[in-house]
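The block underneath contains the structure these notes are about, expressed in structure tokens.
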Amino acid sequence: MTSRITLISPAMNRSLRETRFDDGCPLDPSGAARAASVAGSLRAADRVLVSPSVRCRETASALGLSAVVEPELAALDMGRWRGLTLDEVMGREPDAVMGWLTDPDAVPHGGESVRVLCERAVRWLEVAGGSEGRTLAVVEQEFVRAVVVSVLGAPGAAFWRLDVAPLTATEVSGRGGRWNVRLGRELGDGSGGGQW
């Protein structure tokens, strides 16, 4: 049995635009409109899941998806840095930020390490991979990174080398724990012969 999992990154919001650690803000009007404009570009799925974050839930809604909130798909827990911009944290704690960006086990913010997020992504993939049919999940960019790093067996430091644009689809398919990755096509771009 081949499992197919499509991960959709959320539409633009103020936190993404400002490089702000998620503060629960809603989608920008332009982000919501862009998501609504590509609603028909998604192939039907047997399961539709969504991260608990506001921007992921609003993206799923704008895409016309009736999604089930899945706590395991949550974003990286940023602890006391939540709501701050990267520039603000760099100004206050430059050594902590540099350590966090280079060491996948670092948790200077008191939240969750990149390695723990990657382990959570692997656990979720094992469960999702055991389900028949297609799974579609609207998830934060860092969850997409964690999945890609994990399925490729890349070192944790590679996490920060992956860019995930808003409203892109990343497909993971495979069987028996062996996965292939099709990276970040923009939703509704019309290339590649068909829907995601």
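The values are calculated or read from the model by the stated rules, or taken from the named source; none is laboratory data. Bear in mind that the values here come from a model prediction, so they are computed numbers and not experimental data. Methodologically, a virtual Cβ is constructed for each residue, glycine included, from the backbone with ideal geometry; neighbour enumeration extends over all protein chains shown. All accessible areas refer to the heavy atoms of the entire protein, side chains included, with ligands and DNA or RNA removed. Shrake-Rupley method; radii C 1.70, N 1.55, O 1.52, S 1.80 Å.
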Per-residue HN-Hα couplings for the range 51-62, Karplus 6.51 cos²θ - 1.76 cosθ + 1.60 at θ = phi - 60°, whole Hz, x for Gly and Pro?
-> 5, x, 5, 4, 5, 6, 5, 5, 5, 4, 4, 5
Sorted by accessible surface (1.4 Å probe, heavy atoms of the protein chains only), largest first, Trp81, Trp160, Trp179 come out as Trp160, Trp179, Trp81
Cα shape, the range 34-78, gyration tensor, a/c 1.5 rule | oblate
State to the nearest 20 debye the size of the charge dipole of the chain about its Cα centre, where the only charges are +1 on K and R beta carbons and -1 on D and E beta carbons.
-> 600 debye
Over the chain, with neighbouring protein chains present, the accessible area per residue in Å² at probe 1.4 Å is 46 Å²
Which loop-located trypsin sites (Lys or Arg not before Pro) does the range 26-97 contain, where loop means any DSSP state but H, G, I, E or B and the Cβ has at most 14 other Cβ atoms within 10 Å?
-> Arg43
Could you check how much of the accessible area of the chain is carbon and sulfur, as a whole percent, using a 1.4 Å probe?
-> 51 percent
Expected sort for 95-104, 7-16 on mean C-beta neighbours within 10 Å, highest first, is 7-16, 95-104
